[in-house]
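Read-outs: derived from the displayed coordinates by stated rules, not from any lab. Computed from a predicted structure; not experimentally measured. Here Cβ is always computed from backbone atoms with ideal geometry, including for glycine, and neighbour counts include all displayed protein chains.
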Amino acid sequence: MVELGAGLGVWSIAGGVAARRLGLKVSTYGVEGDELLANLMSQHYRDNGFEAEGHAIRAAIGSENGVAR
């Protein structure tokens, strides 16, 4: 499951928790461009038993290559 513009990763974690409760194996990924929110999302992933390394990603998503400003 992938959440773009994830902020704290609320929806990716909620979906991951729901999938686990149903007995499903799930991988969650959150992508957030803001440094503070990306760091908080990583902690949110860890606090909820999800792997943060490589899954809580600090990056911006766009239709073209370049640098977000």
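Things worth noting here:
- Ranking I57, I13, A68 by how far each Cα lies toward the positive end of the dipole of the chain (charges on Cβ) leaves I13 at the top.
- Simple point charges give the picture: +1 on the Cβ of Lys and Arg, -1 on the Cβ of Asp and Glu, and for the chain a dipole about the Cα centre of about 280 debye.
- For the chain, the longest principal axis of the Cα atoms and the long axis of helix 10-21 meet at an angle of about 20 degrees.
- Å³ per residue enclosed by the Cα convex hull of segment 1-57: 58
- Once backbone amide H atoms are built at 1.01 Å from N, V2 has Y29 as its partners under 5 Å, excluding neighbours fewer than 5 places away on the same chain.
- GluC sites (Glu not before Pro) lying in DSSP loop within segment 1-53, provided at most 16 other Cβ fall within 10 Å: E51, E53
- Principal-axis analysis of the Cα atoms of the chain puts helix 35-47 at an angle of about 10° to the longest axis.
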